[in-house]
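Every read-out reported here was derived from the displayed coordinates using simple, explicitly stated rules and does not represent laboratory data. Quick caveat: nothing in here was measured; it's all calculated off a predicted structure. Using ideal geometry, Cβ is built from the backbone for each residue, glycine included, and neighbour counts are taken over all protein chains shown.
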């Protein structure tokens, strides 16, 4: 919702780039062979109600970005506001927010398997077991339950508020209630019943679980900026808060909490990319990678090698960029994606072929 308002209201910005990049990193009409290797999928949201969202893939084998790949392989558009993507086994699940659907594809060649329709503004899909996933919603008070064996919706969990990110450990799922709320709902994934709630900061928008099984919740304070943003750590054995960091300015609006593959370092966006150890006693005082004149929007950390990916949406109207850095912050490359490049989904191994 906030992103849609920004698309309408934000004044055009001009991209200034202080580095060089591959003059020909984009493949416009790929074959499916590049998907046999490792890389990163990027969902390009497109403009609200324009239906011009798309999917890109960065291939480590070729060091190239392949754009509009869902259309090139399936010969139909992806939809209105693709928002996130998750891989489970040999399948990829692309959540298309404003189209109210999830596109299921084969990871090895991106061929369409099934389209789940009739969802109310879905945001994220999270597998809480091998055969079950939860789907959050921007407008519904319920979380949809997916039966992964049949790829069909088998029920709903009433969390009594719109929801955003989902994190799970063992038989417990944590569901963030967003848009004007400050609670994390605790769900037993064996029974799909809400068992508890945890009060955190205003508008918890992203969550990760670290190597010590601590749940970290980034609360952005609300789009009206009438609350201070917070980073909260929760003991998943007791569901109690063990650490609480408050950002220094009410104007601070951190987003997109991520964690590296070791589960030891947290990353988020605030005037650039910031990094902090899960053992830190204070919030990071400055950016690890400053945004400068770029309009950073989404962040991803490759769990296998620690590479940092961040998107620059420029003015929310023209094609944006993906910037790639090593784990030590050294710049690697910049590549042009599509309109409003958003969330990342990492393909870290060859998923083979399926029927």
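Averaged over residues, the count of other Cβ atoms within 10 Å places the peptides 320-326, 243-249, 33-39 in the sequence 320-326, 33-39, 243-249, highest first. Cα gyration tensor of the chain, axes a ≥ b ≥ c as square roots of the eigenvalues: rounded (a/c below 1.5), prolate (a/b > b/c) or oblate? Judged from the Cα gyration tensor, the chain comes out rounded (a/c under 1.5). With the cut-off at 1.5 for a/c, could you classify segment 196-355 from its C-alpha gyration tensor as rounded, prolate or oblate? Oblate, because a/c is 1.5 or more while a/b does not exceed b/c.
Assign one of three labels to segment 216-303, namely rounded, prolate or oblate, based on the Cα gyration tensor with a ≥ b ≥ c the square roots of its eigenvalues; rounded applies when a/c is under 1.5, prolate when it is not and a/b is larger than b/c, and oblate otherwise. Judged from the Cα gyration tensor, segment 216-303 comes out oblate (a/c at least 1.5, b/c at or above a/b).
Across segment 228-347, Cα pairs under 8 Å and at least six residues apart give a relative contact order of 15 percent.
Working note: 222 nm ellipticity from helices only, DSSP H runs with n ≥ 4, each -39,500 (n - 2.57), summed and divided by the residues of the chain, gives -1000 deg cm²/dmol to the nearest 500. Pick out which of 296, 212, 309 has the largest mean-square fluctuation in a Gaussian network model of the chain, springs linking Cα atoms closer than 10 Å. Of the options given, 212 has the highest mean-square fluctuation.
The Stokes-Einstein estimate for segment 170-252, based on a Kirkwood radius over Cα pairs and taken at 4 °C with 1.567 mPa s viscosity, is a diffusion coefficient of 100 µm²/s.
Multiplying the residue separation of residue 235 and residue 249 by 0.36 nm and removing their Cα-Cα distance gives an extension gain of 2.4 nm. Taking the chain as a Gaussian network of alpha-carbon nodes connected by springs under 10 Å, the highest mean-square fluctuation of the residues 313, 77, 242 belongs to 242.
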